[in-house]
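Structure, as structure tokens:
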Amino acid sequence: MFRIMKFLIGFLVLAASFAINAQSGRAVSQNAAKPGVEKVELTVKQMFDEANAYNKTKFAEYEKNKTPYSENLRLQTEREKKQLAAKYASIASARAGLAGEDLYYLGFLHWIAENFDGTTQNLLKFTSQENAGPDRAQTARSIVVVVYAKQKKLVEAEKVLSEYLAKQPQKLTERSRMEGELAKAYQSEKDFAKMAPHAEEAYKASKALAEDPNSRTRGLDELLDSGMLVFEAYRDQNKTKEADTALNDMQTFAAKVGSPTFFYYATDKLITYMLETGRKPLAMETYLSSLIKAGRDFQLKGQQADAIDRLKRREKHYKILQEPASELFSVEAWFPGEPRTLQALRGKVVLLDFWATWCTPCFEAFPALSEWHQDLGPEGLVVLGVTRFYGQAEGFKMDNPNEIDFLKRFKVKQKLAYDFVVLSDQQTQMAYDAMALPTTVLIDRKGKIRYIEAGTSTSRIEDLRQMILKLLAEK
């Protein structure tokens, strides 16, 4: 608490140290508040540099002051950065006769502040000037394309993209981002035919970036994102062959650049897509051929082992996906509702969350599970928190009745309204290969297993949400 108070007081002092008069259009450095120091008015570029480096500067301060990191601290710092950028943008906008690089940096202040209209207005003014340098002009155009795509102003975005492509220089990072944002915009509009070519171009640019060792880490992140856009564009047009090709290419490229994580993700997506589209024999054949491919195409033994181990851990899941769900064995307690069989739940979408009180990552999904139980329950979703007796809790040994009492108290404390199912042994976990916790299983209205994944993350929770909505829509 003391460290947090020091941080808040420090920030207030820092904020107060800016002598700013918005009406006169003046922004002065921190030193201006010191006696005997001449006030120095900041240029628009200096304002941008300070705002752009805000997070880096603040986290250096946190480290120096040993302020504990937290997600709330990160979000607060990001908000402060945007507020500072917005304040400086307002000051700069009040200055008369802005031209040249002032327009460029003013546009980027608005960009940091997420004032999209201010961003496009000033960057387009900058690109229209004869003395706009070609590098900055192209970067300005690329940001305008991204903003227009985010605003769903797709005609305007396409026009500026054409202007960018007609000029030089062209940067792979800029091309990848523009094309990717346009692909996402068309995806949100469900115009998958227009989405596909932009996704293809984004993927092409990302591959070129990933081939460069100096930009490989960032390039692989963008490659995964753009590659999935290509896959989704064809999947949602029911172009199975093209969707398969996209994932196969991602798999091959992952081995080429030595990324077992990327290789596994592309392979897993390919196999589960084949299962989802009713091609189980081909899916299992692809699983086996991918094991061979990993051993053959990765140059380093460690990379081979990593890719192969990840896939082997999923083998049982691949085998039970699209198959009728096994009943829950050895149910010792079910509360607060009454015990039911999965057969009795036919017609509902059932989510089995395999978890334990000692599993910290399991807690990360609780808010989403509670939300889905409340919001999607009326539409046919049944959430079941499945755990078993471990003979202990909070460091103390417990018999079964006391462990049940502990679970009931835990449920109330965590405000989890959905039913808990307590098992006396591991039979059900073994049937679903849910020994790793947490593991989530989705069973459709017909009683078939449609989704099974171990672990949790923000992206996985979003994937799970999308799958739930898909299954609920299947009547």
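The values are calculated or read from the model by the stated rules, or taken from the named source; none is laboratory data. Note that this is a predicted model, so its numbers are computed, not measured. As a convention, Cβ positions derive from the backbone with ideal geometry for all residues, glycine included, and neighbour counts pool all protein chains shown. These accessible areas exclude ligands, DNA and RNA; they are computed on the full protein's heavy atoms, side chains included. Shrake-Rupley method; radii C 1.70, N 1.55, O 1.52, S 1.80 Å.
Within region 258-278, restricting attention to residues that are among the small types (Gly, Ala, Ser) and either surrounded by fewer than 22 Cβ atoms within 10 Å (Cβ to Cβ) or under 16 Å from Met467 (Cβ atoms) (or both), the residue that is nearest to the chain's Cα centre (by Cα) is Gly258. Per the listing Gly180, Gly107, the residue uniquely part of a helix (DSSP H, G or I) and either over 19 Å from Gln46 (Cα atoms) or open to solvent by 20 Å² or more (accessible area, probe 1.4 Å) (or both) is Gly180.
Checking every residue in region 210-229 against the condition of being hydroxyl-bearing (Ser, Thr, Tyr), buried (at least 19 other Cβ atoms within 10 Å of the Cβ) and without any contact (Cβ under 8 Å) to a residue 60 or more places away in the chain gives at least one match.
Being open to solvent by less than 90 Å² (accessible area, probe 1.4 Å), at pLDDT 65 or above, assigned to a helix (DSSP H, G or I) and more than 23 Å from Phe116 (Cβ to Cβ) is a property that Glu80 lacks. None of Leu407, Leu469 is within 19 Å of Leu345 (Cβ to Cβ) and out of contact with any helix residue (DSSP H, G or I) (no Cβ under 7 Å at 6 or more places or on another chain) except Leu469.
Conditions (1) more than 25 Å from the chain's Cα centre (by Cα); (2) open to solvent by less than 90 Å² (accessible area, probe 1.4 Å); (3) of a type in the set (Asp, Glu); (4) at pLDDT 95 or above, marked per residue:
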position	(1), (2), (3), (4)
Leu345	yes, yes, no, yes
Asp353	no, yes, yes, yes
Ala356	yes, yes, no, yes
Phe363	no, yes, no, yes
Leu369	no, yes, no, yes
Gln392	yes, no, no, no
Gly395	yes, yes, no, no
Asp405	yes, yes, yes, yes
Lys415	yes, no, no, yes
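Condition check ((1) assigned to a helix (DSSP H, G or I); (2) over 29 Å from Lys397 (Cβ atoms)) across all residues:
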site	(1), (2)
Leu288	yes, yes
Lys293	yes, yes
Ala307	yes, yes
Tyr318	yes, yes
Ala333	no, no
Glu338	no, yes
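Residue pairs whose Cβ atoms lie under 8 Å apart, sitting 6 or more positions apart in sequence or on different chains, and linking a residue in region 340-351 that is under 14 Å from Glu379 (Cα atoms) to a partner that is part of a strand (DSSP E or B) and of a type in the set (Ser, Thr, Tyr), are Leu351/Thr440.
Applying a threshold of 9 Å to beta carbon distances and a minimum spacing of six or more residues, or different chains, the list of pairs starting in region 397-417 at a residue that is at positive phi and ending at one that is of a type in the set (Val, Ile, Thr) is empty. Residues in region 320-331 that are over 13 Å from Gly385 (Cα atoms) and either in a loop (DSSP other than H, G, I, E, B) or among the small types (Gly, Ala, Ser) (or both): Leu321, Gln322, Glu323, Ala325, Ser326, Glu327, Phe329, Ser330.
In region 66-77, the residue that is farthest from Thr458 (Cα to Cα) out of those that are among the polar types (S, T, N, Q) and surrounded by 12 or more Cβ atoms within 10 Å (Cβ to Cβ) is Thr67. Being open to solvent by 80 Å² or more (accessible area, probe 1.4 Å) and either in contact with a strand residue (DSSP E or B) (Cβ under 7 Å, 6 or more places away or on another chain) or in contact (Cβ under 8 Å) with a residue 40 or more places away in the chain (or both) is a property that Lys45 lacks. Within the set Lys159, Lys194, Lys167, the sole residue that is open to solvent by 70 Å² or more (accessible area, probe 1.4 Å) and either within 15 Å of Phe116 (Cβ to Cβ) or part of a loop (DSSP other than H, G, I, E, B) (or both) turns out to be Lys167.
So that you can scan it fast, the table gives a plain yes or no per residue for (1) at negative phi; (2) surrounded by 14 or more Cβ atoms within 10 Å (Cβ to Cβ); (3) modelled with pLDDT under 95; (4) in a helix (DSSP H, G or I):
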{"position": "Met5", "(1), (2), (3), (4)": "yes, no, yes, yes"}
{"position": "Val13", "(1), (2), (3), (4)": "yes, no, yes, yes"}
{"position": "Ala60", "(1), (2), (3), (4)": "yes, no, no, yes"}
{"position": "Lys87", "(1), (2), (3), (4)": "yes, yes, no, yes"}
{"position": "Ser90", "(1), (2), (3), (4)": "yes, yes, no, yes"}
